[in-house]
Amino acid sequence: MTNHRQEICETMWEELIKSFITLFIIIDPFMSAVYFVFISKNMSDKESNKAIWTAVGVAAALLFIFLFSGLYLLTMLGISF
């Protein structure tokens, strides 16, 4: 039983690492940071903070929308995996 549990843990970690790498590539935080610094250099601190929180809010909203409706959307488009 311990061997089976160990295999499950190894598989879980492999999937977690694959997911993290995929998200890291998609999001590309380094380029996003450079872009934001370039865009916000003429903004006040208040405007910059508002832009940051707006971006975080929009990203979170999209994340939750696709978390709950993504599978349905893929099914409607005829995409299966």
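The values are calculated or read from the model by the stated rules, or taken from the named source; none is laboratory data. Quick caveat, the model's predicted, so the values are computed rather than measured. Here the Cβ is made from the backbone with ideal geometry for all residues, glycine too, and neighbour counts use every protein chain on show. Protein only, heavy atoms only, side chains kept; ligands, DNA and RNA dropped before computing areas. Shrake-Rupley method; radii C 1.70, N 1.55, O 1.52, S 1.80 Å.
Of note:
- Helix axis angle, 29-40 relative to the chain longest principal axis, alpha carbon, degrees: 20
- Peptides 48-54, 75-81, ordered by how many other C-beta atoms sit within 10 Å of their residues on average, highest first, read 48-54, 75-81.
- When +1 charges are put on Lys and Arg Cβ atoms and -1 charges on Asp and Glu Cβ atoms, the dipole computed for the chain relative to its Cα centre reaches about 300 debye.
- Ordered from largest to smallest accessible area (heavy atoms of protein chains, 1.4 Å probe), the residues Met31, Met43 come out as Met31, Met43.
- Sulfur and carbon atoms: percent of accessible area, the chain [1.4 Å]: 73
- Taking every protein chain into account, the accessible area of the chain amounts to 96 square angstrom per residue (probe 1.4 Å).
- The convex hull defined by the C-alpha atoms of the chain has an orientation-averaged projected area of 8.5 nm².
- Charge dipole (the chain, unit charges on Cβ, about Cα centre) - positive-most of Ala60, Phe36, Tyr72: Phe36
- Using alpha-carbon coordinates, inclination of helix 45-76 to the longest axis of the chain, degrees: 30
- For the chain, the mean residue ellipticity at 222 nm estimated from helices alone is -30500 deg cm²/dmol, where every DSSP H run of n ≥ 4 contributes -39500 (n - 2.57) and the total is divided by all residues, rounded to the nearest 500.
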